[in-house]
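> The structure's right below; bear with me while I get my questions together.
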Amino acid sequence: MPEMDERVVIQQPLSAIAETFEELSKRNNANEIRLDTFCQAASLVSVLFRSLGLAFKFAELEYVAKLHGLLEASKTCSTLPDILNLDVASDTVKTSGSFSRNLRRVRQGLDLVRAIFEQLLSTDDSSLKEVASTAYGQVCAPYHTWAVRTAVYAGMYTLPTRDQLLMKLNETEQSADKKMRRYIAASLPIIEYIDKLYLARNITLDW
């Protein structure tokens, strides 16, 4: 697979993300997602963090770094289960920089976007502060240090407005609504599949 380039401009990123995860969800029926295919799909999500500005800069940097770690892993591991099997065998699942830890963090990134979309769909508020704060609190805050949480919440005041976000994504309220729902529906089975990979190996999800 070619190297990922987060600088590539996609005119309508929500369309690309929804379509890619719908395709990935179909492949999930075989219960063995290829790692390179997963990385390609997950790479599209980073543009959403960029669209949210400084408040989610830390999330973007962490997400991209962990994703590149998984891309490196795809040179030797064909599927997502291969990653965990390798780290379980070497007892490095939770070790900093391990492939399994990288996968766990990328999975959280996908779930954070899902939560943000769900919050956006539940309100017409022009401010994104409550939307983003709630989503972050649900998905990432429990696993971040006090310093990181403080910085993220402080940055919520720099978020774009709802209209500004839609403009950045080249979407209308109506078109974005449909695509966000498509991503939520397609990403949930992927997120659940990844969680089951850990649980099936007696690895808890509280980290």
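> Could you run through the stretch 42-59 and say how many residues are more than 22 Å from ALA200 (Cβ to Cβ) and either among the small types (Gly, Ala, Ser) or open to solvent by 20 Å² or more (accessible area, probe 1.4 Å) (or both)? Talk me through it step by step, then tell me what you get.
Looking only at the stretch 42-59, we keep the residues that are more than 22 Å from ALA200 (Cβ to Cβ), and these are 43-59.
With either among the small types (Gly, Ala, Ser) or open to solvent by 20 Å² or more (accessible area, probe 1.4 Å) (or both) added as a condition, the list becomes 43-44, 46-47, 50-51, 53-55, 57-59.
Matching residues across the stretch 42-59 total 12.
> Pairs under 6 Å by beta carbon, first residue under 18 Å from TYR183 (Cβ atoms) and in contact (Cβ under 8 Å) with a residue 12 or more places away in the chain in the stretch 118-146, partner surrounded by 14 or more Cβ atoms within 10 Å (Cβ to Cβ) and of a type in the set (Ser, Thr, Tyr), six or more apart or different chains?
Listed pairs, sorted by first residue: GLN119/THR134.
> Hey, can you tell me all the residues within the stretch 162-174 that are open to solvent by less than 60 Å² (accessible area, probe 1.4 Å) and free of Cβ contacts under 8 Å to residues at least 40 places away in the same chain?
The one that is open to solvent by less than 60 Å² (accessible area, probe 1.4 Å) and free of Cβ contacts under 8 Å to residues at least 40 places away in the same chain: LEU166.
> Quick one: how many residues across the stretch 84-137 are in a loop (DSSP other than H, G, I, E, B) and of a type in the set (Lys, Arg)? Lay out the reasoning, then the answer.
Of the residues in the stretch 84-137, the ones in a loop (DSSP other than H, G, I, E, B) are 91-98, 122-128.
Adding the requirement that they be of a type in the set (Lys, Arg) leaves 94.
Selection size over the stretch 84-137: 1.
> If you take the residues in the stretch 81-102 that are in contact with a Gly (Cβ under 8 Å, 6 or more places away or on another chain) and at negative phi, which one is least open to solvent (accessible area, probe 1.4 Å)?
Within the stretch 81-102, the match that is least open to solvent (accessible area, probe 1.4 Å) is ASN102.
> Now a separate question. Scanning for something buried (at least 21 other Cβ atoms within 10 Å of the Cβ) and farther than 22 Å from TYR157 by Cβ, does the stretch 112-125 turn up at least one residue?
Yes, some residue in the stretch 112-125 is buried (at least 21 other Cβ atoms within 10 Å of the Cβ) and farther than 22 Å from TYR157 by Cβ.
> Follow-up question, since we're still on this one. Looking at the stretch 5-34, I want the residues that are on the phi > 0 side of the Ramachandran plot and have a partner that is surrounded by 15 or more Cβ atoms within 10 Å (Cβ to Cβ) and modelled with pLDDT of 90 or more with Cβ atoms under 9 Å, at least 6 apart or on another chain. Which pairs are those?
ASN31/PRO81; ASN31/TYR193
> If you don't mind, there's one more thing I want to ask. What number of residues within the stretch 194-207 satisfy the criterion of being in contact with a helix residue (DSSP H, G or I) (Cβ under 6 Å, 6 or more places away or on another chain) and open to solvent by less than 20 Å² (accessible area, probe 1.4 Å)?
Total satisfying the criteria: 2.
> Still on this structure, please answer the following. Would you call ASP36 of a type in the set (D, E, K, R), open to solvent by less than 70 Å² (accessible area, probe 1.4 Å), at pLDDT 95 or above and under 19 Å from ILE194 (Cα atoms)?
no
The values are calculated or read from the model by the stated rules, or taken from the named source; none is laboratory data. Just so it is clear, the structure is predicted and the values come from calculations on it, not from any experiment. Cβ sites come from the backbone with ideal geometry, for glycine too, and all protein chains shown count toward neighbours. The protein model used for the area step is the full one, side chains on, heavy atoms only, and it has no ligands, DNA or RNA in it. Shrake-Rupley method; radii C 1.70, N 1.55, O 1.52, S 1.80 Å.
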